[in-house]
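The values are calculated or read from the model by the stated rules, or taken from the named source; none is laboratory data. Quantities reported herein were computed from a predicted structural model and do not represent experimental measurements. Ideal geometry is used to build each Cβ from the backbone, glycine not excepted, and the neighbour counts take in all protein chains shown.
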Amino acid sequence: MPYSDVYWQKEEIMPKKELEELQLKRLKWVVKHAYDNVEFFRRRLKGAGVRPDDIKRLEDITRIPFTTKDHFRENYPFGLFAVPKDELVRLHTSSGTSGKPKVVGYTSNDLENWINIVARCLYMVGVRKSDVFQNMANYAFFTGGLGIHDGAERIGAMVIPSGVGNTKRQVESMVDFGTTVIHSTPSYALHVKEVAEELGLADKLSLRIGCFGAEPWSQNTRKRLENAFNIKAYDSYGLSEMNGPGVAFECTEQNGLHIWADHYLTEIIDPETGEQVNEGEKGELVITPLTKEALPLLRYRTGDITYILDDECSCGRTHPKIHRIIGRSDDMIVVRGINVFPSQIEHVLMRIPEVGDHFLVVITRTGSLDEITVKVEMRDEVFTGELSDLQRIQQKVQSALHKELGLRTNVELVEKGTLERSKGKARRVLDLRKEL
């Protein structure tokens, strides 16, 4: 049952001093739990000269070595687990596109915590028992399907487990069942919007809330989604290693994502040096989960670039906020010595009225010179085929990209429907330099 009409759990408004005391108590527990039950962590902590009793303050976390994705691969499949297999009630994995997948597991207590964290997020943005919640996420190994489903169900909403793909049926179901809330990647939501318009059903939707995550997206994409669906669009952040979705979520202020400090201890570090950055400075997000029994990771490097927002939130929640994810350190493109995130390109394109909802960045190398070409779909109504119109739009896009990136790009304008549509996470970059 919800704690109040506004908050799902009383912990959301816990005084900061009490929150920090709870964090320290749970940090001490998770370090000891990892040390006592996971050979990998015991070896790492001993190597750093750290024992559980040495953790006396939150600041002592910096004495603990980082955990990385590579450690998952080295300990595949169960080497990082702190409980025997017969205490696990569920497994999820990453996609495994770069090798062996990361395997994550849950005890019954882990699932209960996760469900309530997700319910906390959804309740915060206004999801209620009366809602029809269409979950357009993968229900297989990916955590976004069942993770979001269970949280919405816990609130009491009627959940439609529509999964990904079959977009025409997705749209028809939204109309037939009176869907009021959707969850998907932002790129797939843009495709749903496109199909709804093609079917002539966009005006028959009953949506009011959209929850979008699993990939970085820009403020201008938010505007497009809100205008197209007549909704409030909220950013969701999570990763399988930390349970899945629900690690952080926007409130109705839409100004940063509350990261749930009673379950996660966060740091921002310089991705090159590993040192903590100054307050408010951009860097890589490092998370230590404080309540996970099955998989007690210590100082996990997420690879996600963000920064902590230090302002108090008018929603009344006392948990810190992170800026929406700017990009992933391993998704960053380096072209002619300049660092570029795909989300920066998206932000520029989505504010240009003539540009459609889909683009692809292609990087090539001629000799020693890198070239970046942005293929951009145009809106039907502006794709006249007139050379003068196309040249004007092309120059407009090139100029806007140069101003944002400090980098000259080639721009190729293509007709709507030319580029591949995403059913999950969008593929925004095709780096052909790797094939040379």
(message) Looking only at segment 156-171, how many residues end up being over 22 Å from the mean Cα position of the chain (by Cα) and assigned to a strand (DSSP E or B)?
(response) 1
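Sort out for me the helices (runs of 4 or more DSSP H) sitting completely within segment 22-138 that have 2 or more residues that are in contact (Cβ under 8 Å) with a residue 40 or more places away in the chain and within 30 Å of Met1 (Cα to Cα).
On the way: elements: 39-47, 69-74, 108-124.
Correct list: 108-124.
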(request) Filter segment 129-148 down to the residues that are crowded, with 20+ Cβ neighbours inside 10 Å and among the β-branched types (Val, Ile, Thr), then identify the one that is nearest to Glu112 (Cα to Cα). (result) Ile148
(request) Name, by its number, the condition in (1) out of contact with any helix residue (DSSP H, G or I) (no Cβ under 8 Å at 6 or more places or on another chain); (2) of a type outside the set (A, V, I, L, M, F, W, C); (3) outside any loop (DSSP other than H, G, I, E, B) that does not hold for Thr364. (result) (1)
(message) Return the residues of segment 232-269 that are part of a loop (DSSP other than H, G, I, E, B) and either at negative phi or surrounded by 24 or more Cβ atoms within 10 Å (Cβ to Cβ) (or both); say none if nothing qualifies.
(response) Asn243, Cys251, Thr252, Glu253, Asn255, Trp260, Ala261, Asp262, His263
(request) Please go through segment 397-406 and pick out each residue that is part of a helix (DSSP H, G or I) and either within 14 Å of Lys375 (Cα to Cα) or within 28 Å of the chain's Cα centre (by Cα) (or both). (result) Val397, Gln398, Ala400, Leu401, His402, Lys403, Glu404, Leu405
(request) Residues being touching a residue at least 24 places away in the same chain (Cβ under 8 Å), surrounded by fewer than 21 Cβ atoms within 10 Å (Cβ to Cβ) and part of a helix (DSSP H, G or I): count how many of those fall in segment 198-223. (result) 6
(message) Cβ-Cβ under 7 Å, sequence separation 6+ or interchain: first residue in segment 149-162 and at pLDDT 95 or above and surrounded by 19 or more Cβ atoms within 10 Å (Cβ to Cβ), partner in a helix (DSSP H, G or I) and among the aromatic types (Phe, Trp, Tyr). Which pairs?
(response) Ile155/Tyr123; Ile160/Phe177
(request) Identify all residues within segment 334-343 that are surrounded by fewer than 22 Cβ atoms within 10 Å (Cβ to Cβ), closer than 12 Å to Ile372 by Cβ and not charged (D, E, K, R); write none if there are none. (result) Val334, Val335, Ile338
(request) For segment 276-340, please list each of the strands (runs of 3 or more DSSP E) lying entirely inside it that holds at least 1 residues being β-branched (Val, Ile, Thr) and modelled with pLDDT of 95 or more. (result) 283-289, 300-306
(request) Could you check, for segment 9-18, whether at least one of its residues is under 15 Å from Arg299 (Cα atoms), part of a loop (DSSP other than H, G, I, E, B) and more than 25 Å from the chain's Cα centre (by Cα)? (result) no
(message) Among (1) farther than 30 Å from Thr67 by Cβ; (2) touching a Lys or Arg at 6+ places or on another chain (Cβ under 9 Å); (3) not hydroxyl-bearing (Ser, Thr, Tyr), there is one condition Asn243 misses while meeting the rest; what is its number?
(response) (1)
(message) Given the criteria over 26 Å from the mean Cα position of the chain (by Cα), assigned to a loop (DSSP other than H, G, I, E, B) and of a type outside the set (Ser, Thr, Tyr), does Val6 qualify?
(response) no
(request) Go over the candidates Arg365, Arg433, Arg428 one by one and state the one that is charged (D, E, K, R), within 22 Å of Glu215 (Cβ to Cβ) and surrounded by 12 or more Cβ atoms within 10 Å (Cβ to Cβ). (result) Arg428
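Can Leu290 be described as crowded, with 20+ Cβ neighbours inside 10 Å and either in contact with a helix residue (DSSP H, G or I) (Cβ under 8 Å, 6 or more places away or on another chain) or touching a residue at least 24 places away in the same chain (Cβ under 8 Å) (or both)?
Details: crowded, with 20+ Cβ neighbours inside 10 Å: yes; either in contact with a helix residue (DSSP H, G or I) (Cβ under 8 Å, 6 or more places away or on another chain) or touching a residue at least 24 places away in the same chain (Cβ under 8 Å) (or both): yes.
The answer is yes for Leu290.
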(request) For segment 397-420, enumerate the residues that are surrounded by fewer than 16 Cβ atoms within 10 Å (Cβ to Cβ) and either in contact with a Ser or Thr (Cβ under 9 Å, 6 or more places away or on another chain) or in the same structural domain as Asn166 (by TED's automatic domain parsing) (or both). (result) Gln398, His402, Asn410, Glu412
